[in-house]
1. To the nearest 10 square angstrom, what accessible area does I101 show with a 1.4 Å probe?
2. How many nm is it between the label spots at Q3 and N83, if each spot is 7 Å from the Cα in line with the beta carbon?
3. Mind pulling the per residue volume of the convex hull built on the Cα atoms of the stretch 1-67? Å³ is fine.
4. Between the stretch 42-72 and the stretch 1-36, what is the C-alpha centre distance in whole Å?
5. Once you've got the GNM for the chain with C-alpha springs shorter than 10 Å, pick whichever of Q13, Q44, Q81 has the biggest mean-square fluctuation.
6. Within 10 Å of each candidate Cβ there may be at most 13 other Cβ atoms; applying that plus a DSSP loop requirement, which trypsin sites (Lys or Arg not before Pro) in the stretch 49-98 survive?
7. Could you name the lysines whose alpha carbon sits less than 23 Å from that of K64, not counting residues in the same chain fewer than 8 places away?
8. Relative contact order (percent) for the chain, with alpha-carbon contacts under 8 angstrom and 6 or more residues of separation?
Amino acid sequence: QVQLVESGGGLVQPGGSLRLSCVVSGSIFSINKMGWHRQAPGKQRELVAAFTRYGTTMYADSVKGRFTISRDNAKNTVYLQMNNLEPEDTAVYYCYVDSTIPTVTYWGQGTQVTVSS
């Protein structure tokens, strides 16, 4: 059984930083992408950052230069370092793994990030 558990969210002032962590447990045979989405109130869930199957990274334009995705394969953990946070970054952040065998997307339970003074 695959499980994704996020941590690291919280309340931070504009300009501050947070680091999110996502521990992945269980067996995943083939990964297409893994990373982070977010969903703000009243908005659709959107991609924030992800690793592709080739090991390259992809970012939403709104976070480029401020957010960095990384991973520790030995710990089965994916991180999202968020710097220079803005109020517009306020959302629930979800870790995800997009599997190809079987074709399914696994999601974490989400962690709230609030950027406010």
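The values are calculated or read from the model by the stated rules, or taken from the named source; none is laboratory data. Remember, predicted model here, so these are calculated numbers, not experimental data. Glycine also receives a Cβ, built like all others from the backbone with ideal geometry; neighbour counts cover every protein chain displayed. For accessibility, only protein heavy atoms count, side chains too; no ligands or nucleic acids. Shrake-Rupley method; radii C 1.70, N 1.55, O 1.52, S 1.80 Å.
1. My reading of the accessible area for I101 is about 90 Å².
2. Each label point lies 7 Å from its Cα, and together they span 3.4 nm.
3. For the stretch 1-67, the hull spanned by Cα atoms encloses 125 Å³ per residue.
4. 11
5. Checking each option, the largest mean-square fluctuation is seen for Q44.
6. R53, K64
7. Output for K64: K33, K43.
8. Reported relative contact order: 37 percent.
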